[in-house]
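Here is the structure we will look at.
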Amino acid sequence: MSERLHRQTEPELMDEADEALAYAAADFAEVNAAFVERLCELAPDRGGAVALDLGTGPADIPARLAGRKPGWRILAADASRAMLLHGKVLLNRTGAGVRLVMADAKRLPFRNACIDVVFSNSILHHINETARLWNEIRRVARPGALVFLRDLARPRSASDALDIVRKHAGNESALLREEYYRSLLAAYTEEEIIEQLDRAGLDGFEIRMVTDRHLDVWGVIPPA
Ligand SMILES: C[S@@+](CC[C@H](N)C(=O)[O-])C[C@H]1O[C@@H](n2cnc3c(N)ncnc32)[C@H](O)[C@@H]1O
């Protein structure tokens, strides 16, 4: 049996102008709509929630969410100035009431226990110091808050990763295909995420593969 693919890190932030532009120009409509659908399923009520998106990128997901949850106050954080510029353009165009925040998800400028819903699409594979991310989520989320992260799962082999890139990004730019491949190699496996959650005291969280390349992690923050 061939050996399981080792994780290969990629830069934490997407702060180069060309990569931010390639990402903002790519068509993620279907996956982003699916993400928002799943978040709304997990949070059918929670009226008036303060919600926080970590690693918001071009802010398409929070903009869509604002249309579905008009009563929520949505904050969208990223530490890449280049990405936030694209987010600003999108929010101005759509008129979505989302507040952009320039912040590191491992050191957020929020007080303890002030967030009702923490969500994120595709930040985890960027982060090496995952304990700092999970601890920060625990710190800012109030007990009872919903946490929902979706990310890529590392394929079993480099050739499986190439197949995924061909299947799901075959029509995208060469730069985006290259980044997608690197992201798949930087992604964590289900077993690695279970260990991260155990260490953060979030062992009640659930993990599930939801597509051929995505896994969901979700749960409710336990009492302090
Ligand atoms: C793959 S993009 C995903 C963007 C967006 N969530 C989406 O699904 O379209 C990952 C984003 O996370 C941001 N990011 C990575 N590490 C971060 C950190 N420590 N703090 C804040 N943002 C971070 C990157 O700059 C990038 O914009």
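The values are calculated or read from the model by the stated rules, or taken from the named source; none is laboratory data. Computed from a predicted model, the values in this text were never measured in an experiment. Please note: Cβ atoms are built from the backbone with ideal geometry, for glycine as well, and neighbour counts cover all protein chains shown.
Looking across 208, 166, one residue alone is touching an Asp or Glu at 6+ places or on another chain (Cβ under 8 Å) and free of Cβ contacts under 8 Å to residues at least 24 places away in the same chain. It is 208.
Rundown of residues vs (1) touching a helix residue (DSSP H, G or I) at 6+ places or on another chain (Cβ under 6 Å); (2) more than 21 Å from residue 89 (Cβ to Cβ); (3) aliphatic (A, V, I, L, M), yes/no style:
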| residue | (1), (2), (3) |
| --- | --- |
| 39 | no, yes, yes |
| 42 | no, yes, yes |
| 45 | no, yes, no |
| 54 | no, no, yes |
| 57 | yes, no, no |
| 68 | yes, yes, no |
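Screening residue 140 on (1) touching an Asp or Glu at 6+ places or on another chain (Cβ under 7 Å); (2) crowded, with 16+ Cβ neighbours inside 10 Å shows it passes everything except condition (1).
Taking every residue in the stretch 83-103 that is within 12 Å of residue 58 (Cα to Cα) and pairing it with any residue that is outside any helix (DSSP H, G or I) and at pLDDT below 95, at least 6 positions away or on another chain, the pairs with Cβ-Cβ distances below 7 Å are 83/14. The helices (runs of 4 or more DSSP H) falling completely within the stretch 126-224 that include 1 or more residues that are touching a Lys or Arg at 6+ places or on another chain (Cβ under 9 Å), under 23 Å from residue 40 (Cβ atoms) and modelled with pLDDT of 95 or more map to 130-140. Across the stretch 41-58, the qualifying residues are those that are more than 16 Å from the ligand (Cβ to nearest atom) and not acidic (Asp, Glu), and the one among them that is nearest to residue 18 (Cα to Cα) is 50. Restricting attention to the stretch 165-205, the residues that are away from the ligand (no atom under 13 Å from the Cβ), under 30 Å from residue 144 (Cβ atoms), of a type outside the set (D, E, K, R) and touching a helix residue (DSSP H, G or I) at 6+ places or on another chain (Cβ under 9 Å) total 9. When 145, 161, 153 are checked against the criterion of being in contact with a strand residue (DSSP E or B) (Cβ under 7 Å, 6 or more places away or on another chain), closer than 27 Å to residue 31 by Cα and either within 16 Å of the ligand (Cβ to nearest atom) or free of Cβ contacts under 8 Å to residues at least 40 places away in the same chain (or both), 153 stands alone in meeting it.
Considering only residues in the stretch 60-77 that are within 8 Å of the ligand (Cβ to nearest atom) and free of Cβ contacts under 8 Å to residues at least 60 places away in the same chain, the one that is farthest from residue 144 (Cα to Cα) turns out to be 60. Considering 127, 123, 137, the condition of being in contact (Cβ under 8 Å) with a residue 24 or more places away in the chain and touching a helix residue (DSSP H, G or I) at 6+ places or on another chain (Cβ under 7 Å) is satisfied by 127 alone. The residues of the stretch 177-201 that are within 16 Å of the chain's Cα centre (by Cα) and over 15 Å from residue 128 (Cα atoms), listed by number, are 179, 180, 190. Across the stretch 17-34, which residue is farthest from the ligand (Cβ to nearest atom) among those that are in contact with a Ser or Thr (Cβ under 9 Å, 6 or more places away or on another chain) and within 30 Å of residue 143 (Cα to Cα)? It comes out as 34.
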